[in-house]
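Trainee: Structure incoming, see below.
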Amino acid sequence: MKKHIGYLSLWFLGIGAAHASAVVLQQPLPPLPLQDQHAKAWSMRADTRLVIFAAGRTPSNLVMEVLGEQPKGFLDSRHAVYVADMSRMPGIIARTFALPALREQPFAVGVALEEKLLSQWPRQEDAITLIHLEAGKVARIDYARSAVELKAALGL
């Protein structure tokens, strides 16, 4: 019985570690067990070069301001994805306002509703995190605090 409990403990530890993995330079991006705004499994393409990560209202609004102006297929054309950490948003607000607004967008958004999923991802207050990938590994991490900075990162 102790042997089974030990395996079970390791299994739970493994799940917790996978959900809370940090983003490390020169390493592959940790797995992202996320759903999109339509509650479908979300994943990144192998050729992704930029992860736009917003945690909080100000960065999320800024991302939506810039991406909302772009045509369908824009993120794919830039080899970019958008990940939104909505874990600190009250559930009723997320379900009633935020997710329905995202459903109107012509692009997929990886949505985290559980805090542990992206808790170790790099972030600065009121800034969008820009994770640049090369061959699937984290090449550098930048931050954007304005529409101009985000547009520059997207080649606009």
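Every residue, every condition in (1) assigned to a loop (DSSP other than H, G, I, E, B); (2) in contact with an Asp or Glu (Cβ under 7 Å, 6 or more places away or on another chain), yes or no:
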{"position": "83", "(1), (2)": "no, no"}
{"position": "94", "(1), (2)": "no, no"}
{"position": "99", "(1), (2)": "no, no"}
{"position": "106", "(1), (2)": "yes, no"}
{"position": "110", "(1), (2)": "no, yes"}
{"position": "116", "(1), (2)": "no, no"}
{"position": "126", "(1), (2)": "yes, no"}
{"position": "142", "(1), (2)": "no, no"}
{"position": "150", "(1), (2)": "no, no"}
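Trainee: Something else now. Limited to the stretch 99-143, what total is found for residues that are aliphatic (A, V, I, L, M), more than 13 Å from the chain's Cα centre (by Cα) and either surrounded by fewer than 18 Cβ atoms within 10 Å (Cβ to Cβ) or modelled with pLDDT of 95 or more (or both)? First the steps, then the outcome.
Mentor: In the first step, residues of the stretch 99-143 are kept if they are aliphatic (A, V, I, L, M); the result is 99, 101-102, 108-109, 111-113, 117-118, 127-128, 130-131, 133, 135, 138-139, 141.
Checking which are more than 13 Å from the chain's Cα centre (by Cα) leaves us with 99, 101-102, 127, 133, 135, 138-139, 141.
Filter again for either surrounded by fewer than 18 Cβ atoms within 10 Å (Cβ to Cβ) or modelled with pLDDT of 95 or more (or both), leaving 101, 127, 133, 135, 138-139, 141.
Number satisfying all stated conditions: 7.
Trainee: Moving on. Within the stretch 1-27, restricting attention to residues that are in a loop (DSSP other than H, G, I, E, B), more than 17 Å from residue 134 (Cα to Cα) and under 15 Å from the mean Cα position of the chain (by Cα), which residue is modelled with the lowest pLDDT? Full working, then the answer.
Mentor: Of the residues in the stretch 1-27, the ones in a loop (DSSP other than H, G, I, E, B) are 1, 20-27.
Filter once more, keeping what is more than 17 Å from residue 134 (Cα to Cα): 1, 20-22.
Filter once more, keeping what is under 15 Å from the mean Cα position of the chain (by Cα): 20-22.
Working: 20: 56, 21: 80, 22: 89.
The selected residue is 20.
Trainee: One residue is enough: does the stretch 28-44 have a residue meeting the conditions touching a Ser or Thr at 6+ places or on another chain (Cβ under 9 Å), outside any loop (DSSP other than H, G, I, E, B) and modelled with pLDDT of 85 or more? I'd like the intermediate steps shown before the answer.
Mentor: Filtering the stretch 28-44 for residues touching a Ser or Thr at 6+ places or on another chain (Cβ under 9 Å) gives 29-32, 34.
Next, from what is left, pick out any that are outside any loop (DSSP other than H, G, I, E, B): 34.
Checking the rest, the ones that are also modelled with pLDDT of 85 or more come to 34.
Yes, the stretch 28-44 contains at least one residue that is touching a Ser or Thr at 6+ places or on another chain (Cβ under 9 Å), outside any loop (DSSP other than H, G, I, E, B) and modelled with pLDDT of 85 or more.
Trainee: Are any of the residues in the stretch 109-128 polar (S, T, N, Q) and more than 13 Å from residue 55 (Cβ to Cβ)? I'd like the intermediate steps shown before the answer.
Mentor: In the first step, residues of the stretch 109-128 are kept if they are polar (S, T, N, Q); the result is 119-120, 124.
Narrowing the set further to residues that are more than 13 Å from residue 55 (Cβ to Cβ) leaves none.
Within the stretch 109-128, none of the residues are polar (S, T, N, Q) and more than 13 Å from residue 55 (Cβ to Cβ).
Trainee: Within the bounds of the stretch 52-60, is there any residue that is within 20 Å of residue 153 (Cα to Cα), touching a Leu at 6+ places or on another chain (Cβ under 6 Å) and modelled with pLDDT of 95 or more?
Mentor: No; the residues of the stretch 52-60 include none that is within 20 Å of residue 153 (Cα to Cα), touching a Leu at 6+ places or on another chain (Cβ under 6 Å) and modelled with pLDDT of 95 or more.
Trainee: Could you go through the stretch 58-66 and let me know if any residue there is surrounded by fewer than 13 Cβ atoms within 10 Å (Cβ to Cβ) and in a strand (DSSP E or B).
Mentor: Checked the stretch 58-66: no residue is surrounded by fewer than 13 Cβ atoms within 10 Å (Cβ to Cβ) and in a strand (DSSP E or B).
Trainee: Every residue in the stretch 71-81 that is in a loop (DSSP other than H, G, I, E, B), at negative phi and in contact with a Leu (Cβ under 9 Å, 6 or more places away or on another chain), please.
Mentor: First, the residues of the stretch 71-81 that are in a loop (DSSP other than H, G, I, E, B): 71-73, 78-79.
Then drop every residue that is not at negative phi, which leaves 71-72, 78.
Across the stretch 71-81, the qualifying residue is only 78.
Trainee: Given the options 49, 78, name the one that is touching a residue at least 12 places away in the same chain (Cβ under 8 Å), out of contact with any helix residue (DSSP H, G or I) (no Cβ under 7 Å at 6 or more places or on another chain), among the basic types (Lys, Arg) and over 19 Å from residue 147 (Cβ atoms). Walk me through it before giving the result.
Mentor: Numbers: 78 fails: over 19 Å from residue 147 (Cβ atoms).
After applying the criteria, what remains is 49.
Trainee: What pairs can you find where one residue is in the stretch 144-156 and loosely packed, with under 15 Cβ neighbours inside 10 Å, the other is assigned to a loop (DSSP other than H, G, I, E, B), and their Cβ atoms are less than 8 Å apart, with a gap of 6+ or different chains?
Mentor: Hits for this filter: 155/78.
The values are calculated or read from the model by the stated rules, or taken from the named source; none is laboratory data. Bear in mind the structure is a predicted one, so any value in this text is a computation, not a measurement. When we count neighbours, we look across all protein chains shown, and the Cβ atoms used for this are built from the backbone with ideal geometry, even at glycine.
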